[in-house]
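**Student:** Pasting a structure below so you can have a look.
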Amino acid sequence: MWVMGMMQAPPPVGPGVPRTLAEARAARVSALRYELHVTIPAVVTEPVMATETIRFALADASSSLPLDFSEPGDHISSLRVNGRNVPVQSVDGHVLLPAAALLAGDNEVRLSFRAGDASLNRNPDYLYTLFVPARAHLAIPCFDQPDLKAKWTLALDVPGGWQAVANGAETSRDEAGGRVKLAFAETPPLSTYLFAFAAGRFSVETADRNGRTFRMFHRETDAAKVARNREAIFDLHAAALAWLEQYTGIPYPWGKFDFLLVPSFQFGGMEHAGAIFYNASGLLLDQSATQNQLLGRASVIAHETAHMWFGDLVTMRWFNDVWMKEVFANFMAAKIVNPSFPGINHELRFLYANYPAAYDVDRTAGTNAIRQPLDNLAEAGTLYGAIIYQKAPIVMRQLERLLGETTFRDGLREYLRGHSFGNATWADLVTLLDARTPEDLAAWSHAWVEEPGRPVITTALRVADGTIASLTFRQADPIARRGLAWTQRLAVVVAAGGQVRTLPVNLSGLSGDVPAAAGLPAPDFVLATGEGLGYGDFVLDDGSRRYLLAHLPEIPDPLTRGAAWVTLWEEMLDGRVAPAALLDLALRALPLEADEQSVARILGYTEQAYWKFLDEPARARVTPELERVLRAGLDRSTTASLKSAWFSTLRDTARSQPVLEWLERIWRKTETVPGLPFAEPDDISLALELAVREVPAWQEILDQQLARTQNPDRKARFAFVRPALSPDQATRDAFFESLKDPANRRHEPWVLEGLTYLHHPLRAAASERYIAVSLGMLQEIQRTGDIFFPKRWADATLGGHASSAAANIVTGFIAALPPDYPDRLRRVLLSASDDLLRAQRGR
Ligand SMILES: [Zn+2]
């Protein structure tokens, strides 16, 4: 475009943050500093005003320099470059600093502006920034790319009575005239996506651990709940910090350590340097917390704390390598959590935490490689998902085994030291590790990191005269023309002649023999996923499949049992095991299962099989036995965490009148579940499940629950979700209609809960009408929402559906997509609809 009055046409930049722009800027800009002063009004509808000084050195001042800011140009009231007033030239979400005003060497840019609200998460009495992956420029002018790290100085002017937290330590606080002015220390070099602040009505808890003061900001109104959780939360942070300092050999890099618990936060946590933000419900647990919730809390704390080194201290150069920070955070978290839970089988935990979720995406036509190309940060959000969070740690564990723990750790130490307060790429790390091993890491990385999908691994078992003649595993690429072979080590379990042996196999070419199996008696079963190690689509031989469906609960080793469960679930999805047969196995296995993690996993499979893979007549047949098994499990359990796992599955699958009446009595507090205390969130969940089943008093239950709810944040969420549960179609239509306005989608967890109930399996037939419109909104959802929102939106829309009519809507929708539809969103649709389409094939 040509702008009147300019000496020259601005260079074309384009919307978002294109990679070309980022590379050009990184080559020109250095020694960057931001000084930001933000004034937050007491009234949420009034604008947030700010002034900003940006200082940097410029290598080349011969052309204009784009600053990112997605608000209209007239929201900037003043722009001064090196002391001169400059007219605001706003193009495609960039403010062009004209070449004529720039200097080679030091520059200073001063702005006064009205901040954008889109990434400020404003609520009536608090707000918090969430700038990942490139949403800082939705609020403030900046160079919004991870490799232009800057030192940040922040001052906030907030309403009286508010607290505030930021990356730097608070250096001054003045309260006057009903306002509070706070200043924060300058940070070490920090990427824009890690810069953060929050202000509002927060309570602050403080604790000292190992000579360091930790501060926890929160909005929980239940004092007993805070008291019950606070020591554990501080302990877990201190343990994670100590572990990481020891492992990396680098002291905690960010000075002070604060964290904020946000009600209905978009993610589990976000690793803002020195000021981690968490979803409050993940840390402040109720007495009814399950073992998975307790482990999950420790994991998310360890994950975000690990990011202080992996991601914050050393950052990917570009978001195509965002997986690197996530894989190390998750991989380290698994190691960190272990000592805090000595009673847990951690190999089993690794299996359950990573494999099923990774397969959920990797088995679908919508899967992606761990490392993906990225041309523009506007699309960075779609890189996130199970492949990064769950497949990558599996792959990283292989790499650690390939190199050995010490070599691997030393390589990481060198990587962190060499790039501290800077940026690095996957190639930088591979080069560094490759020098420490004879293995060909580049070839290994190609199959596992650069390519999508998983191998199909089949068992070829020959038995002659009652003994094993040969045992071979063959791998095939599901994309035949690609012909990829994945190198991995398997631990093959062979149960034969009353003995269970685990035999190692190196799978590197197209097949791998197990010579040690030859001559063993004909086996009961052969399982290639022993030790929870192998990754792929494993096809059992017919005899092993039959044996496992009949005898799985008899396998003595919990890890082998777990691996068998994960394998059989995939077999069911591939159509080699009938859903009803798997559910039957689950109901026989549950009463015998001694490991709490496995109980939770089998309960999860039970619920999924029931709602997604059985039709209504089949559900009706199994309901009495299902309810009986779940009720018996609840009565038999001796811990609150285990009772909670049984109870929530029963609550979410209950259908019969006696069970619903019993649940209603529990909600009314006229009956209790011995050994299972109920807190406000439990009451809310129970009220919602009763309402969606339209028990006679559903309306009164919802009214009373709203009145009963004490915590204002939970009350607001409940009021938001409630119309999605109405038996009245017009009310539900209006709820769905309201979601078309992005302003009504600001609280993403609220929206997802509402959508999930709107599309509840019991309402599925009536909600098919929303599917196409909902999927049609994905592009806009991606543009306006946070990183996980598009996939979660698609999952919440499709998760409750199992009918062929719904499947036809989705296949029709995907078939009709225009050729220029974003590939990443197409893949989101393919992976979100995978279960629904598989359920059809299984009928
Ligand atoms: Zn993370």
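**Student:** If you scan the stretch 297-317, which residues turn out to be β-branched (V, I, T), touching a strand residue (DSSP E or B) at 6+ places or on another chain (Cβ under 7 Å) and within 12 Å of the ligand (Cβ to nearest atom)? Full working, then the answer.
**Tutor:** Applying the first criterion (β-branched (V, I, T)) to the stretch 297-317 yields 300-301, 305, 314-315.
Now restrict to residues that are touching a strand residue (DSSP E or B) at 6+ places or on another chain (Cβ under 7 Å): 300, 314-315.
V300 - this is the single residue of the stretch 297-317 that is β-branched (V, I, T), touching a strand residue (DSSP E or B) at 6+ places or on another chain (Cβ under 7 Å) and within 12 Å of the ligand (Cβ to nearest atom).
**Student:** Of a type in the set (S, T, N, Q) and surrounded by 18 or more Cβ atoms within 10 Å (Cβ to Cβ) - does that describe any residue in the stretch 379-390?
**Tutor:** Kept after step one, since they are of a type in the set (S, T, N, Q), are these residues of the stretch 379-390: 382, 390.
This time we only want the ones that are surrounded by 18 or more Cβ atoms within 10 Å (Cβ to Cβ), so: 382, 390.
Yes, that holds for at least one residue.
**Student:** Suppose the filter is touching a residue at least 12 places away in the same chain (Cβ under 8 Å), among the hydroxyl-bearing types (S, T, Y) and surrounded by fewer than 23 Cβ atoms within 10 Å (Cβ to Cβ); does Y247 pass it?
**Tutor:** For Y247, the condition - touching a residue at least 12 places away in the same chain (Cβ under 8 Å), among the hydroxyl-bearing types (S, T, Y) and surrounded by fewer than 23 Cβ atoms within 10 Å (Cβ to Cβ) - is met.
**Student:** Restricting attention to the stretch 334-350, which residues are closer than 29 Å to V314 by Cα and in contact with an Asp or Glu (Cβ under 9 Å, 6 or more places away or on another chain)?
**Tutor:** Result: S340, E347.
**Student:** When the residues of the stretch 274-289 are narrowed to those that are among the small types (G, A, S) and surrounded by fewer than 24 Cβ atoms within 10 Å (Cβ to Cβ), which ends up nearest to E186 (Cα to Cα)?
**Tutor:** Residues of the stretch 274-289 among the small types (G, A, S): 274-275, 280-282, 288-289.
With surrounded by fewer than 24 Cβ atoms within 10 Å (Cβ to Cβ) added as a condition, the list becomes 280-282, 288-289.
Working: A280: 28, S281: 31, G282: 30, S288: 42, A289: 40 Å.
It comes out as A280.
**Student:** From the list R588, R576, R601, which residue is under 27 Å from D541 (Cβ atoms) and in a loop (DSSP other than H, G, I, E, B)?
**Tutor:** R576
**Student:** If only one of L294, L283 is touching a Gly at 6+ places or on another chain (Cβ under 9 Å), touching a residue at least 40 places away in the same chain (Cβ under 8 Å) and more than 11 Å from the ligand (Cβ to nearest atom), which one is it?
**Tutor:** Exactly one of L294, L283 is touching a Gly at 6+ places or on another chain (Cβ under 9 Å), touching a residue at least 40 places away in the same chain (Cβ under 8 Å) and more than 11 Å from the ligand (Cβ to nearest atom), namely L283.
**Student:** Can you confirm whether Q705 is closer than 30 Å to T639 by Cα and out of contact with any Cys (no Cβ under 8 Å at 6 or more places or on another chain)? Before you say what the answer is, go through the steps one by one.
**Tutor:** Working: closer than 30 Å to T639 by Cα: yes; out of contact with any Cys (no Cβ under 8 Å at 6 or more places or on another chain): yes.
Answer is yes for this residue.
**Student:** From the list L660, L690, L725, L739, which residue is in contact with an Asp or Glu (Cβ under 8 Å, 6 or more places away or on another chain) and surrounded by 13 or more Cβ atoms within 10 Å (Cβ to Cβ)?
**Tutor:** Sole residue among the options that is in contact with an Asp or Glu (Cβ under 8 Å, 6 or more places away or on another chain) and surrounded by 13 or more Cβ atoms within 10 Å (Cβ to Cβ): L690.
**Student:** Another one. Can V361 be described as assigned to a helix (DSSP H, G or I), away from the ligand (no atom under 15 Å from the Cβ) and β-branched (V, I, T)? Break it down into steps so the answer makes sense when it comes.
**Tutor:** Values: assigned to a helix (DSSP H, G or I): yes; away from the ligand (no atom under 15 Å from the Cβ): yes; β-branched (V, I, T): yes.
The answer is yes for V361.
**Student:** Moving on to the next point. Could you tell me whether the stretch 89-101 includes any residue that is assigned to a loop (DSSP other than H, G, I, E, B), modelled with pLDDT under 95 and under 33 Å from the mean Cα position of the chain (by Cα)?
**Tutor:** Yes: one or more hits.
**Student:** To continue, here is another question. Go through the stretch 318-358 and give me each residue that's in contact with a Gly (Cβ under 9 Å, 6 or more places away or on another chain) and more than 16 Å from the ligand (Cβ to nearest atom).
**Tutor:** If the condition is that a residue be in contact with a Gly (Cβ under 9 Å, 6 or more places away or on another chain) and more than 16 Å from the ligand (Cβ to nearest atom), then N345, E347, L348, F350, L351, Y352, Y355, P356 are the ones that fit.
**Student:** Could you tell me which residue of the stretch 539-569 is surrounded by the most Cβ atoms within 10 Å (Cβ to Cβ), considering only residues that are closer than 21 Å to R619 by Cα and within 32 Å of the chain's Cα centre (by Cα)?
**Tutor:** Selected residue: L568.
**Student:** Return the total of residues in the stretch 91-117 being surrounded by fewer than 20 Cβ atoms within 10 Å (Cβ to Cβ) and within 27 Å of G785 (Cα to Cα).
**Tutor:** Selection size over the stretch 91-117: 5.
**Student:** Say whether the condition of being within 22 Å of L583 (Cα to Cα), of a type in the set (A, V, I, L, M) and not in a loop (DSSP other than H, G, I, E, B) is met by at least one residue in the stretch 636-649. If you could, list the steps in order and put the result at the bottom.
**Tutor:** Here is the first cut: in the stretch 636-649, the ones within 22 Å of L583 (Cα to Cα) are 636-637, 642-649.
Now drop any that are not of a type in the set (A, V, I, L, M), which leaves 642, 645.
Subsequent filtering for residues that are not in a loop (DSSP other than H, G, I, E, B) retains 642, 645.
Looking for residues that are within 22 Å of L583 (Cα to Cα), of a type in the set (A, V, I, L, M) and not in a loop (DSSP other than H, G, I, E, B), one finds at least one in the stretch 636-649, hence yes.
**Student:** A further question on this structure: Could you list, in sequence order, all residues of the stretch 53-84 that are assigned to a loop (DSSP other than H, G, I, E, B), charged (D, E, K, R) and touching a helix residue (DSSP H, G or I) at 6+ places or on another chain (Cβ under 7 Å)?
**Tutor:** Scanning the stretch 53-84 gives a single hit, D60.
The values are calculated or read from the model by the stated rules, or taken from the named source; none is laboratory data. These figures come from a predicted structure and were not determined experimentally. We place every Cβ from the backbone using ideal geometry, glycine too, and count neighbours over all the protein chains shown.
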